[in-house]
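These notes concern the structure reproduced below.
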Amino acid sequence: MDVEILSRIQFAFTVAFHYIYPPLSIGIGLIMVVFESIYLRTKKKEYEVLAKFWTKIFAITFGVGVVTGIVMEFEFGTNWATYSRYVGDIFGSALAAEGIFAFALESSALGVLLFGWNRVKPWVHLTATWGVFLGSMFSAVWIVVANSWQQTPAGYHIVGEGMSARAEITDFWAMVFNPSSIDRLTHVWLGAFLAGTFLILSVHAYNILKGRYVVLSKKAFRITLVVAAICSLAQLFTGHQSAEGVSENQPAKLAAMEGHFDASAPADLYLFGWVDKENQKVTGLKITGGLSFMLYQDLEAEVTGLNAFDKDNRPTQINAIFQFYHIMVAIGMFLIALSLFGLWQWKRGKLFEKKWLLWTFVFAAILPQIANQFGWFTAEMGRQPWVVYGLLKTSDALSKSVQANQVLFSLILFFIVYFVLFLLFVYLMNKKIKNGPDSDINFDEGSLNKEIAKVVSK
C-alpha cells in the first residue's frame, strides 16, 4: 500500500477509536445532570447515589477520550503537513476556540464534580455538573465546525498559489455557521446522547435481570428510557435535515449513499441492497422514487447521480458508503422502535417482566456506537477524493517527506497501544459497574421489604 492509503487508514483508526469515548461522555453527562437535578428537587437519596455512580463512569470515559484525542493533533503535522498548512488558519481557530470555550470549562468544573460532593453546597456541585456537561457539548461544537468547514467551506479566501496556497478566514461567523455545521452538530449531539443513554439502560437492565440494585436500577431505567426515546425520535428529524443538506451541497456524496448513478433521473430509496459499481446497478429492496420524494416531495423529481461527475471527482468506494449509510439508518430506526416499545410496556406495567426485552436493552448498548462510527465513515468516505471539498484533494494533502514504511510502523504501534488501552478501559468499566453504587443504604427490594416489616411489627 502507498503512503496515502496507509495515512488514511492510520487516521481513520485513531479517529474511530477516539470517537468511542466523547459521545459516551456527552450522553452520560446529560443523565448525570438529570439525576442530580432530581436529587436537589426531591432530596431523595437514591438519585444522589445514581449521580455519584455515573460520575465515576464518566471520569473513565473522559480520561480515555482526552488521551486518545491528543494523538490526532500530532498526526496533522506528521502525516498531513500540506493539509495543515492549507487549513491551519481555519482549523487552528476552531481548535483554539475549543480549548478556550470548551475544554477550559469542562476541565475546571471536573475537579468540583469528582471531589466536591461533601465539600461544596449542593447547588454549587450541580453547577459544576452542568459545567462539565456543557463543556463537552461545546467541545463537540468546535470539532464539528472544523470538520463541517471541510465539507462545505465558507467565510474564507485563498492566499498564495501552488504549494504555498492556504485558506484564510474572511468571516469568522460564516466559517462557524457554514452550510452544514448546524445540521451535522445536532445530529452528532443526539448520537452522543443515544450512546450514553443506551449504555446506562444496558447497565441497569443487566442489574435488574441479575437482581442487583433493583430499586435503583428501575428508577434509573425509567428516567433514561424517556430521554432515549426523545433523542431517538429527534435523531430521525436531524438525519433527514442532514440528508437534505448533503443533496444540496455534496450531491456526489448523496448519490453514493443511495447508489444512484444516472446523471439526472428520479431516484429510488433503498431499504437495503448491494451496489454493483461496474454495472451501475443496485440489487435490493427499494421504494421506487422514494429518494426523490424525500428530497422534493415528488416521486418523479430528478436527482443528480454519480454519472454527472468526472470519475476523478467522485467517491470510489460506492458500495462501502452505501452499506455504512444504510446500517446507520437501520440502527436508528431500531432504536426508535425499541425505546417506544419499552415506553409502551412501561405504561402497561410490564416493562420489567419481559426478560427478553431487558436482554435486548443490555446488548443494544453497542448499536449507537456502531451507528456513530458508520455515520462518520459515510461522511468522510463520501467526501472523497476531497479532503477540503472542491478545494484540496486528499492525495495532495500528504506530508511530502513521510514514507510508507514509517506510516505502517507507527500504525502497528498505535494498534498495539490502543488495544492495551481498550482492555484497560473495559477492565475499569467492568470493575466499576460490578462494584455498583457506593451507598450506606441498601436499595435492594428484598432488604427494603424486610425493613418495612420490622417497622410494622413494632
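The values are calculated or read from the model by the stated rules, or taken from the named source; none is laboratory data. A quick note: this is a predicted structure, and the numbers were derived from the prediction, not measured. Counting neighbours? That spans all protein chains shown, and the Cβs are built from the backbone with ideal geometry, glycine included.
Below, the figures for the structure above:
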| item | result |
| --- | --- |
| Pairs, first over 20 Å from Arg314 (Cβ atoms) and part of a helix (DSSP H, G or I) in region 365-389, second modelled with pLDDT under 95 and aromatic (Phe, Trp, Tyr), C-beta under 9 Å, six or more apart | Gln369/Tyr19; Asn372/Tyr19; Gln373/Tyr19 |
| Test: residue in region 351-364 that is within 24 Å of the chain's Cα centre (by Cα), surrounded by 15 or more Cβ atoms within 10 Å (Cβ to Cβ) and not in a helix (DSSP H, G or I) | yes |
| Lone qualifier among Leu408, Leu413, Leu367 - being farther than 30 Å from His157 by Cβ, modelled with pLDDT of 90 or more and surrounded by 17 or more Cβ atoms within 10 Å (Cβ to Cβ) | Leu367 |
| Yes/no for Ile90 being in a helix (DSSP H, G or I) and surrounded by fewer than 18 Cβ atoms within 10 Å (Cβ to Cβ) | no |
| Pair list, Cβ under 6 Å, 6 or more apart: region 277-300 residue hydrophobic (A, V, I, L, M, F, W, C), other residue in a loop (DSSP other than H, G, I, E, B) | Val282/Gly259; Leu291/Ala267; Phe293/Leu299; Leu299/Gly289 |
| Residue identified as out of contact with any Asp or Glu (no Cβ under 7 Å at 6 or more places or on another chain), modelled with pLDDT of 85 or more and part of a helix (DSSP H, G or I) among Leu105, Leu113 | Leu113 |
| Answer from Tyr47, Tyr83 - the residue that is within 24 Å of Gln373 (Cα to Cα), more than 19 Å from the chain's Cα centre (by Cα), assigned to a helix (DSSP H, G or I) and among the aromatic types (Phe, Trp, Tyr) | Tyr83 |
| Out of Glu73, Glu98, sole residue that is under 23 Å from the mean Cα position of the chain (by Cα), over 17 Å from Met175 (Cβ atoms) and acidic (Asp, Glu) | Glu73 |
| Region 51-83: number of residues that are over 25 Å from Phe103 (Cα atoms) and either buried (at least 22 other Cβ atoms within 10 Å of the Cβ) or among the charged types (D, E, K, R) (or both) | 1 |
| Checklist (1) surrounded by 21 or more Cβ atoms within 10 Å (Cβ to Cβ); (2) more than 28 Å from the chain's Cα centre (by Cα) applied to Trp142, failing item | (2) |
| Number of the condition not met by Trp344 [criteria: (1) of a type outside the set (Val, Ile, Thr); (2) surrounded by fewer than 15 Cβ atoms within 10 Å (Cβ to Cβ); (3) in a helix (DSSP H, G or I); (4) in contact with a helix residue (DSSP H, G or I) (Cβ under 9 Å, 6 or more places away or on another chain)] | (4) |
| Boolean, Ser292 is part of a helix (DSSP H, G or I), touching a Pro at 6+ places or on another chain (Cβ under 7 Å) and of a type in the set (Ser, Thr, Tyr) | yes |
